[in-house]
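Worksheet for the structure shown next.
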Amino acid sequence: MSETELVLPRRLALQMLHEAQIAGDEGIAGVVAARSGPDIFFVAPFAERLDRLLAQGSQQGRHPWAVFRYRPGNDNAPVAADFSERPELLRLDASLATKGVLQLRAWKFTDGRVVERPMHIED
């Protein structure tokens, strides 16, 4: 059985890619939170603790939906350890893995494995 594609709003995808572009060498982490669909994005330096970002969304009555990461120089797929905090949340990674073009990919952790989730962007 094939999984349905993840649909990400274009505005949100562009916001994540923009944040990655201006992040510099430190990288960033973020949380996508939602009321009814992914609608808000909190971003902080990569060293920021995930629980602090998650709490920021909860204070506004939103539920965490995904974790966003941009780690310059590390264009590899996430590994199981990257899901140590909140493994049920998707991971959205920005990387320069394809010919230096910034791209966004989605990953999930299921049955002890990291699996890429098909995704497309729409208006």
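Of the numbered criteria (1) within 25 Å of G24 (Cβ to Cβ); (2) within 13 Å of the chain's Cα centre (by Cα); (3) among the hydrophobic types (A, V, I, L, M, F, W, C), the one W65 fails is (1). One residue is enough: does the stretch 72-91 have a residue meeting the conditions touching a Ser or Thr at 6+ places or on another chain (Cβ under 6 Å), farther than 20 Å from R10 by Cα and of a type in the set (D, E, K, R)? Scanning the stretch 72-91 turns up at least one residue that is touching a Ser or Thr at 6+ places or on another chain (Cβ under 6 Å), farther than 20 Å from R10 by Cα and of a type in the set (D, E, K, R). Among residues of the stretch 108-120 being loosely packed, with under 15 Cβ neighbours inside 10 Å and within 15 Å of P9 (Cα to Cα), the one that is modelled with the highest pLDDT is P118. Can you find, within the stretch 10-31, the residue that is farthest from R62 (Cα to Cα) among those that are assigned to a helix (DSSP H, G or I) and among the hydrophobic types (A, V, I, L, M, F, W, C)? The extreme case among them is I22. Residue count for the stretch 97-113, restricted to those that are in contact with a helix residue (DSSP H, G or I) (Cβ under 6 Å, 6 or more places away or on another chain) and under 13 Å from D82 (Cα atoms): 1.
If I filter the stretch 88-102 down to residues being surrounded by 14 or more Cβ atoms within 10 Å (Cβ to Cβ) and farther than 23 Å from G24 by Cβ, which single residue comes out as nearest to the chain's Cα centre (by Cα)?
Pass one, the stretch 88-102, residues surrounded by 14 or more Cβ atoms within 10 Å (Cβ to Cβ): 89-97, 102.
Those still in the list that are farther than 23 Å from G24 by Cβ too: 89-90.
Numbers: L89: 9, L90: 7 Å.
Restricting to residues being surrounded by 14 or more Cβ atoms within 10 Å (Cβ to Cβ) and farther than 23 Å from G24 by Cβ, the top hit is L90.
Here R105 fulfils each of the conditions (1) surrounded by 15 or more Cβ atoms within 10 Å (Cβ to Cβ); (2) modelled with pLDDT under 90 apart from (2).
The values are calculated or read from the model by the stated rules, or taken from the named source; none is laboratory data. What you are looking at is a predicted structure, and each value in this text was computed from that prediction instead of being measured. Quick reminder, even Gly has a Cβ in these numbers, built from the backbone with ideal geometry, and neighbours come from all protein chains shown.
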